[in-house]
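The numbers here are math on the coordinates, done by the rules we state, and not lab data. Predicted model only: the values in this text are computed from it and were never measured. Cβ atoms come from the backbone with ideal geometry, glycine included; neighbour counts cover every protein chain shown.
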Amino acid sequence: LTYFETGDYDNTIQWLEPIARGTSGESEWQAGARYLTARSYEALGKIEQARELYLADDSPQATGNKLRAEWV
């Protein structure tokens, strides 16, 4: 979270993407990690990667993430 808040998006992705994609196992933090990873990709101009993560969401935030995927 600190990496994201300070604009260090590459490190945000490095640490959170395994959680976001579930490759490090199931986690209660997966939805939040997915969102922050997507926002980091978005900030780096990697829109397709961001969109992929937004659309993969099945959490209670999924509707908002799908809207954000359309906006970017």
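To keep it simple, each residue is scored yes or no on (1) at positive phi; (2) within 11 Å of the chain's Cα centre (by Cα).
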residue	(1), (2)
11	no, no
25	yes, no
36	no, yes
65	no, yes
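Restricted to the range 16-41, and to residues there that are crowded, with 16+ Cβ neighbours inside 10 Å and hydrophobic (A, V, I, L, M, F, W, C), the residue that is nearest to residue 54 (Cα to Cα) is 38.
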